[in-house]
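Student: Before I ask anything, here is the structure I am working with.
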Number of protein chains: 2
Amino acid sequence: MKWSVGFHRKEKKMNNHYKVNEWSVIEEAFHPEMQEASESIFSLGNGRMGQRANFEEAYSGASLQGSYIAGIYYPDKTRVGWWKNGYPEFFAKVLNSPNWIGICVEIDGHKLDLHTCTLHSFRRELNMKHGFLSRSFTVSCEEGKMLEVNVMRFLSIADDEIGAISYSVKPINFDAEIAFTPYIDGNVKNMDSNYDEHFWDVIDSGAKEGSAFLISKTRKSEFSASFAMKYEVSIDGEQSDWPVELIHNQGFVGNKVKGRVLKGKEVIIYKYVSVVSSMNYPEKDLLESGKKSLERAFNLKFDTLFKNHQEHWEENWSRSDIIIDGDPLAQQGIRFNIFHLNQTYSGRDERLNIGPKGFTGEKYGGSTYWDTEAYLVSFYLSTANEDVARNLLIYRHKHLQRAIENAEKLGFKDGAALYPMVTMDGQECHNEWEITFEEIHRNGAIAYAIYNYIRYTGNKDYLLDYGLDVLIAISRFWKQRVNWSDVKGKYVILGVTGPNEYENNVNNNWYTNLMAQWTLKYTMESLEYAKNNDAFRFKEILSRNNFNEKKEIDNWSDIVENMCFPHSEEKNIFLQQDGYLDKEQRFASDLDPSESPINQHWSWDRILRSCYIKQADVLQGIYFFEEDYDLETIKANYDFYEPRTLHESSLSPCVHSILANRLGYDKKAYELYLRTSRLDIDDYNHEVKEGLHITSMGGTWMSVVYGFGGFRVKDDMIHLNPHLPDQWKSLSFRIVFRKNEIRIHINGSKVVIENEKGPRLEIMLKGKNVIIEEKSSFLQNIEN
Amino acid sequence: MKWSVGFHRKEKKMNNHYKVNEWSVIEEAFHPEMQEASESIFSLGNGRMGQRANFEEAYSGASLQGSYIAGIYYPDKTRVGWWKNGYPEFFAKVLNSPNWIGICVEIDGHKLDLHTCTLHSFRRELNMKHGFLSRSFTVSCEEGKMLEVNVMRFLSIADDEIGAISYSVKPINFDAEIAFTPYIDGNVKNMDSNYDEHFWDVIDSGAKEGSAFLISKTRKSEFSASFAMKYEVSIDGEQSDWPVELIHNQGFVGNKVKGRVLKGKEVIIYKYVSVVSSMNYPEKDLLESGKKSLERAFNLKFDTLFKNHQEHWEENWSRSDIIIDGDPLAQQGIRFNIFHLNQTYSGRDERLNIGPKGFTGEKYGGSTYWDTEAYLVSFYLSTANEDVARNLLIYRHKHLQRAIENAEKLGFKDGAALYPMVTMDGQECHNEWEITFEEIHRNGAIAYAIYNYIRYTGNKDYLLDYGLDVLIAISRFWKQRVNWSDVKGKYVILGVTGPNEYENNVNNNWYTNLMAQWTLKYTMESLEYAKNNDAFRFKEILSRNNFNEKKEIDNWSDIVENMCFPHSEEKNIFLQQDGYLDKEQRFASDLDPSESPINQHWSWDRILRSCYIKQADVLQGIYFFEEDYDLETIKANYDFYEPRTLHESSLSPCVHSILANRLGYDKKAYELYLRTSRLDIDDYNHEVKEGLHITSMGGTWMSVVYGFGGFRVKDDMIHLNPHLPDQWKSLSFRIVFRKNEIRIHINGSKVVIENEKGPRLEIMLKGKNVIIEEKSSFLQNIEN
């Protein structure tokens, strides 16, 4: 099962813990009971690695220690109540890796620990504009001895092997003996380990004056990673000559430096760390490579490192920022989402993907769900260069053979592929039969992403290079997965779980059947395109996929023409699945608030037989292929399904919000947008401590740009039909579209489109063609 | 999920390991690789306790140590992959209890261990007639030193707190120093412990010359049990004066006695053990009660104890034996089934029930499934006095409050009861949502057992005493579990698993809907009976169940009249569930033998969407209510469903065999009978080492008596329509019916009915009334 959330504004007090600020998330007091949630919210990442906002100094209160390296996982032994044939024996988990941020601090022999010392002031800031985390606090660990502490940390997005910390301590009213122990700790565990196993072995480590390193290797999966640190201590700007004690215990390395600091003087320790892994270097070179990266960082020093990092963030924002005027909550919310998306995935490495919790927690094991294709590709397509989204697609192409093997395990053959529901390395990482084996619509999203990418970029070569291999294998799966029903006189798809995971093992889920039919159609069109445009490579494709053009396509055409689509003529709607109308028909508004979210209050059978919908299902299909349906059909289905939808998945409100916008349901569109935008920052469901809902952040972006912005790409052209909520004075967003970088500004009376970069651009604005020359802008007055 | 087996005679070699003998199971050679299977086959029990046929002496080869006390369980912490709301946090497991059979034997300082010593001959016998286990073997543990060993063991069925062992050793060709260490070992574990926990703590123990005891207490469930032993050693018939060493280690108590035995002389140790528990005595009295029982046994001595035991078995057989002439395999098979049923449940204690593995293994946790009501009540009704089946019914009545609480957890209210799928103490012991929450037809079987009991015994008072409480609560459940479908204009039951567990979360399972409708009807009739026959107690029933006669019954009538029953007019059959005919229709014979049993070869989704049926489903309903259907309907449904049924549950072939008999499908009836009769003894599915399929043994009995015997009870009278397979010369079976004990003998040309005990009896034989006077017999010639 995938992550569930409950959104229940009515009954749940919004969490106002964090200060509203357009560029930052700010905490102005320390609440130990919020620490784990804040550790998630203030997480840092640079696409290559990331970590929760654990404190550098010791902290003995409740905390979820978490430091992660993208792509490094552990195949944990599956734990089930009752084994079912086909379950994976092991599955990959995001791995908590050695902790490299640690700096123990002692003041006159007392350990600095915010759980035991007395805080007088506290401020923490996640600065999203420049991508750093800072803390300032005054504290006394002994009565009357006041200390001022300022900490700043970042994970360089310019040099993604580097992290740096500046940690300053100033005794305010006493002369202090201060000891710093910067360290690397290899003794880490996963909280979600199935059998309480250790996942890492330390294979090498060392400490000398001024530096230390540790190399750890994962069991079974045999990834290794080197963590190397250097540091320097300065007192009042002068380098210290404090004596050094080497620390080299079992899996724990560092230095302890100790000296006196006079009242009012500031001592700063700068800690630099490099993290390199066997993902990018041979294991035998890790020590050397790690040291080299570390030296590079150490020589640049903190300020220059930070400057480079900051410039990179500026560039990120220049392509992806959204400005909402008049609604500070919405402004902070959308930037928080964009910030974390950019932290989680940089698009530089096609072996990586975007996990449900990114670098902010362990939960949900593997890294890749269909969320990537359904909710995230669009964001990266519009806010980064083409390679970023392309790498997400190539990730799946690289896993094609494993998807074929996965399908074979389930009895399919002849090159049919079923991509796993959850994966890290192409193998399935989930073990509920109703999800793993039956939530097969994910295959459709993977095909859709290819279509979406090509529609956006115009790059049809992708079909020849990679796309058709994947499309053929998925189409073969659908072909084998349907069966002919004599009774219905149609092809049916039995025993599936649709996007609405509050139904299991249903027949003819409309969405799944649609994705199957569409994939077959699109694959046939794509084959036709390849045949007509590059006969040589077309033959190559046929040959490498053992594709029998005549025979296979004939079969597909028959399925496309005779696919079963449940519907109700009376209600003029598509039916979510066979028999949906046999259910007792109730609305979300009929639900006693004390029973929601139902996944926390109802037993599973009750959820399954109710008509309640967890997340967009029929509407997800209509959203994907909006152009194929007239407004009346969209309206009838939206009007039927929205009242029955509980949005207990973080991936649901965005789709409904976009459609509500399309239908002119302004109030609903805004209400649904709010549900998605501040989900984490306001911790609607008291679960943020487990990590952030990273993948739903793509949906938030879509609900602004596709919803209120009315942005679409059709026929190689941007279409815009903006419509702002009353609460917003204006909305500006930036879009990368092929060779252009564009800024779109909308307010109640006008739309301004700036062609900031790239050639002359033709856009369809509210149904009318407009042309914007290079580096020009276009203004059109509108009535909102 | 429940136990699955695969029956595939075609491809699987029958196991001829055990010698065919009408009253015994005999092994004439020792095969270490078969030891665990034989430990199951040769298990002993007396209704109160039981154990696998582990060796008394040390055995270092593969073995599953298992000793069990009825009703004593441990609530093991649930283990699942993904938690679902409503799962039980703990569930009861059959508990491996301290091992009391152990006698270590040393010969000239060498441990006797059949895994390391050299065997020259070996014979093991399970004597079913007299209920004992014996072993004889010659062995040498040192080159050239030949030893003869004879062992006999029984668990007294006359005094169910007692077990006794006679263990004789004779050095054939040397003078030997022999040491015996009779012991009790409290250091036992369950193999199926979810978290590898110990379930027992030893709370008291002691050893003195000639005796030892150990009292253990289960964690959490706090059952305690005392194991006390005494022994005596005789050499050539004379009591020995060998010196005794006390053994009293951590959880391990005993005596070690050692002495010389001359060549050709026999030394015998008799070990007597009492097992008493807090089920029957206050914990503080356990030591005393255990000793008292032990003294009782010790004073009677082995031979008298055995004689009493044997007489009890004779009485058992006098009521339950079946004699099949002309088919020794079938003869041994049916006695093996009857023997184990009588070993597992004596019917003396209404807190006990019949677990799927009885006292023969740990698997499947709890003790009670719907098997009891659907497959076992009939056996005990016909072969024991009325109290035995009645106690099985009262067991459920005692759990009524917990069944109501179980339903409440799933959202039901107002006294609705859902009995657990698997239970020990009334609480649910299973955690697959598709079974635990959805296989609700079990409630119907519990109601049916009340009807079956009353039909058989004529004892309608049971309704007033207990039956109606249960029926009302179950009817309330059905009432709440249906919902009205506007589309169908019927009441529907959505999201269930029927008896065919190869379908999950289906709508309108015909069998489930039938059981729901029937229960409502039967409850209404029973209420009417109570009202008309005992107005005072009727009022009591209404009052103690808060029953609103007018309101509740009106509602029920509406459901009874408008229940949805899927069917196919074209095929003139009931449909197993909505949409069954949308599946690809294949036959069991189309299945590649290498893919069967499909539960071991196919992934779960593939099983679910196939048309293949695990066990009787529609046909189970037709079997229960055979009188309601004309032969044409039975035939149409049988002809449709039998070819699609894989019989991969041990509970399936018996029902099909009975119906095949009814339809005159002789060959099929016999083939299906064989599948059930020798399932364990021939270890069709190589899983006997885990334990025997105890509950399916009731089905085997039914397939003989109801199938070939054509035995039914209708309108307070026995009906007989016997029809023997060609392979059988004759069939005789004994039946207890109300005040009569009857012996029925059938062969190809005649039926003889002996009214052995009880008043004048009227019977319907092949549709004709016959009257048999007290102690007389009736003979009728027939054409088979």
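Student: Using just the Cα positions, wrap the range A:387-476 in a convex hull and report its mean projected area in square nanometres, one decimal place.
Tutor: 5.5
Student: Once the piece of chain linking residue A:303 and residue A:79 is laid out straight, how much longer is it, given 0.36 nm per residue of separation minus the C-alpha distance between them?
Tutor: Roughly 75.9 nm would be gained on extension.
Student: May I pose another question? Starting from one equal scatterer on each C-alpha and no solvent at all, send me the Debye-based log10 I(q)/I(0) for the range A:711-772 at q = 0.14, 0.16, 0.23, 0.30 Å⁻¹, two decimals.
Tutor: These q points yield log10 I(q)/I(0) values of -0.37, -0.49, -0.97, -1.46.
Student: Leaving ligands, DNA and RNA out of it, report the carbon-plus-sulfur percent of the accessible area of the range A:71-111 at a 1.4 Å probe.
Tutor: Taking all protein chains in place, the range A:71-111 shows 49 percent carbon and sulfur surface.
Student: Further question: Could you do me a favour and compute the accessible area per residue for the range B:251-317, 1.4 Å probe, result in Å²?
Tutor: 46
Student: Largest first and to the nearest Å, give the Cα extent of the range A:472-577 along each principal axis.
Tutor: For the range A:472-577, the Cα spread along each principal axis is 50, 25, 23 Å.
Student: Roughly to the nearest percent, how much of the accessible area of the range B:608-669 is carbon and sulfur, given a 1.4 Å probe?
Tutor: Its accessible area is 49 percent carbon and sulfur atoms.
Student: Give the average, rounded to an integer, of partner chain Cβ atoms located within 10 angstrom of each Cβ in B:610-618.
Tutor: 1
Student: OK, next. Heavy-atom accessible area of residue A:36 with all protein chains present, probe 1.4 Å, nearest 10 Å²?
Tutor: About 50 Å², ignoring ligands and nucleic acids.
Student: If you don't mind, there's one more thing I want to ask. To the nearest 0.05, what FRET efficiency results for residue B:768 and residue B:461 with a Förster distance of 25 Å applied to their C-beta separation?
Tutor: The calculated FRET efficiency here is 0.20.
Student: Let me ask something additional. With +1 on the Cβ of every Lys and Arg and -1 on the Cβ of every Asp and Glu, and nothing else charged, how large is the dipole of chain A about its Cα centre, in debye rounded to the nearest 20?
Tutor: Using Cβ point charges on Lys, Arg, Asp and Glu, chain A gives about 700 debye.
Student: OK, next. Along Cα-to-Cβ, 7 Å out, sits the label point; list in nm, shortest first, how far the one on residue A:486 is from those in the other copies.
Tutor: Here the equivalent label points are 3.5 nm apart from this one.
Student: Using Cα pairs closer than 8 Å and at least 6 residues apart in sequence, work out the relative contact order for the range A:495-637, in percent.
Tutor: Computed over the range A:495-637, the figure is 33 percent.
Student: May I pose another question? Kindly write out, for the range B:542-553 in residue order, the coupling ³J(HN,Hα) from the Karplus curve 6.51 cos²θ - 1.76 cosθ + 1.60 (θ = phi - 60°), rounded to whole Hz, with x marking Gly and Pro.
Tutor: With coefficients 6.51, -1.76 and 1.60, one gets 4, 5, 6, 9, 6, 9, 9, 3, 4, 5, 5, 5 Hz.
Student: Separate question: Would you mind pulling out the separation of the Cα centroids of the range B:177-230 and the range B:547-622, in Å?
Tutor: Taking the Cα centre of each part, the range B:177-230 and the range B:547-622 sit 48 Å apart.
Student: Mind giving me the FRET efficiency for residue B:288 and residue B:246? R0 is 25 Å, r the Cβ-Cβ distance, nearest 0.05 is fine.
Tutor: Rounded to the nearest 0.05, the efficiency is 0.75.
Student: If B:519, B:138 are ordered by their accessible area, calculated over protein heavy atoms with a 1.4 Å probe, which sequence runs from highest to lowest?
Tutor: From most accessible down to least: B:138, B:519.
Student: If you don't mind, another one. Report, by chain and number, residues whose modeled amide H sits under 5 Å from the one on residue A:252, excluding near sequence neighbours (fewer than 5 apart, same chain).
Tutor: Answer set, sorted by chain and number: A:186.
Student: To continue, here is another question. For the range B:67-103, which residues drop by 20 square angstrom or more in accessible area between the chain on its own and all protein chains together (1.4 Å probe)?
Tutor: B:79, B:80, B:81, B:82, B:84, B:85
Student: Next question. What Kirkwood radius, in Å to one decimal, follows from the Cα pairs of the range A:708-747?
Tutor: After inverting the pairwise mean of 1/r, the radius is 10.9 Å.
Student: Under the rule of -39500 (n - 2.57) per DSSP H run of 4 or more residues, summed and divided by the residues of the protein assembly as shown, what mean residue ellipticity at 222 nm is obtained, to the nearest 500 deg cm²/dmol?
Tutor: The helix contribution divided over the protein assembly as shown gives -9000 deg cm²/dmol.
Student: Then there's this: Can you tell me the convex hull volume per residue for the protein assembly as shown, based on C-alpha atoms, in Å³ to the nearest whole number?
Tutor: 217
Student: Keeping all protein chains in the complex and leaving out DNA, RNA and ligands, what accessible area do you get for residue A:578 with a 1.4 Å probe, in Å² to the nearest 10?
Tutor: 40
Student: Could you tell me, in Å, what Rg and Dmax come out for the Cα atoms of the range A:148-274?
Tutor: Cα only, the range A:148-274: 16.9, 54 Å (Rg, Dmax).
Student: Which parts of the range A:412-455, residue by residue, lose 10 Å² or more of accessible area when the rest of the protein chains are there, as against the chain isolated (1.4 Å probe)?
Tutor: Residues meeting the cut-off: A:412, A:430, A:431, A:432, A:433, A:434, A:437, A:438.
Student: Can you give the alpha-carbon Rg of the range A:653-784 over 2.2 N^0.38 Å, where N counts its residues?
Tutor: After normalising by residue count via 2.2 N^0.38 Å, the value is 1.13.
Student: Per-residue mean of other chain beta-carbon atoms within 10 angstrom of the beta-carbon, peptide B:485-494?
Tutor: The mean count of partner-chain Cβ atoms within 10 Å per residue comes to 4.
Student: Relative contact order, percent, of the range A:86-231 when contacts are C-alpha pairs under 8 Å separated by at least 6 residues?
Tutor: Relative CO of the range A:86-231 lands at 22 percent.
Student: If you project the alpha carbons of the range B:59-152 onto their three principal axes, what span does each projection cover, largest first, in Å?
Tutor: Projected onto its principal axes, the Cα set of the range B:59-152 covers 65, 33, 19 Å.
Student: Let me ask something additional. Could you give each residue of the range B:483-488 its phi-based ³J(HN,Hα) in whole Hz, using Karplus coefficients 6.51, -1.76, 1.60 with θ = phi - 60°, and x for Gly or Pro?
Tutor: Along the range B:483-488, the couplings run 9, 7, 10, 5, 4, 8 Hz.
Student: Okay, moving on. State in Å² the accessible area per residue of the range B:436-486; use a 1.4 Å probe, count heavy atoms of protein chains only, and round to the nearest integer.
Tutor: Value returned for the range B:436-486: 20 Å² of accessible area per residue.
Student: If you wrap a convex hull around the Cα atoms of the range A:424-527, how much volume per residue is inside, in Å³?
Tutor: Convex hull of Cα atoms, per residue: 117 Å³.
Student: Ignoring ligands, DNA and RNA, how do B:543, A:136, B:140 rank by accessible area with a 1.4 Å probe, largest first?
Tutor: Per-residue accessible area, sorted high to low, gives B:543, A:136, B:140.
Student: Also, I was wondering about something else. How far, in whole Å, is the nearest Cβ of chain A from the axis relating it by rotation to chain B, and which residue carries it?
Tutor: A:505, 2
Student: Sticking with this structure for a sec: Counting only protein heavy atoms, what percent of the accessible surface of the range A:190-317 is carbon or sulfur at a 1.4 Å probe?
Tutor: Of the solvent-accessible surface of the range A:190-317, carbon and sulfur hold 47 percent.
Student: Cross-link partners among aspartates and glutamates for residue A:129, C-alpha distance below 13 Å, same-chain residues fewer than 8 apart left out?
Tutor: By straight Cα distance, residue A:129 reaches A:22, A:311, A:314, A:315, A:321.
Student: Related question: How big is the B/A interface in buried accessible area, both sides summed, 1.4 Å probe, to the nearest 100 Å²?
Tutor: Summing both chains' loss of accessible area gives about 3900 Å².
Student: Where does the Debye-calculated log10 I(q)/I(0) of chain A sit at q = 0.10 Å⁻¹, using only Cα point scatterers of equal weight, no solvent?
Tutor: Values returned for q = 0.10 Å⁻¹ are -1.06.
Student: When only the heavy atoms of the protein chains count and the probe is 1.4 Å, how do B:128, B:191 rank by accessible area, highest first?
Tutor: Order by accessible area, largest first: B:191, B:128.
Student: As a test question: what accessible area, to the nearest 10 Å², does residue A:351 have when a 1.4 Å probe is rolled over all protein chains in place?
Tutor: 90
Student: Using 0.36 nm times the number of residues separating residue A:739 and residue A:175, minus their current alpha carbon distance, what extension gain do you get?
Tutor: 197.0 nm
Student: Using Cα-Cα distances under 8 Å and only pairs 6 or more residues apart, what relative contact order does chain A have, in percent?
Tutor: Here the relative contact order equals 13 percent.
Student: Here is a follow-up. Given R₀ = 51 Å, what would the calculated FRET efficiency be for residue B:750 paired with residue A:528, taking r from the Cβ atoms and rounding to 0.05?
Tutor: With a Förster radius of 51 Å, E is 0.05.
Student: Do any of A:307/A:757; A:488/A:551; A:413/A:550; A:479/A:714 go past 23 Å between their Cα atoms, and which?
Tutor: From A:307/A:757; A:488/A:551; A:413/A:550; A:479/A:714, over 23 Å: A:307/A:757; A:488/A:551; A:479/A:714.
Student: Work out, step by step, the length gained on full extension between residue B:587 and residue B:779: first 0.36 nm times the residue separation, then minus their alpha carbon distance; give nm to one decimal.
Tutor: Separation in residues times 0.36 nm, less the Cα-Cα distance, equals 64.8 nm.
The values are calculated or read from the model by the stated rules, or taken from the named source; none is laboratory data. Nothing here was measured: the structure is a model prediction, and the numbers come from that model. Positions of Cβ are generated from backbone atoms using ideal geometry, with glycine treated the same way; all protein chains shown enter the neighbour counts. Side chains included, ligands, DNA and RNA excluded: accessible areas come from the protein's heavy atoms. Shrake-Rupley method; radii C 1.70, N 1.55, O 1.52, S 1.80 Å.
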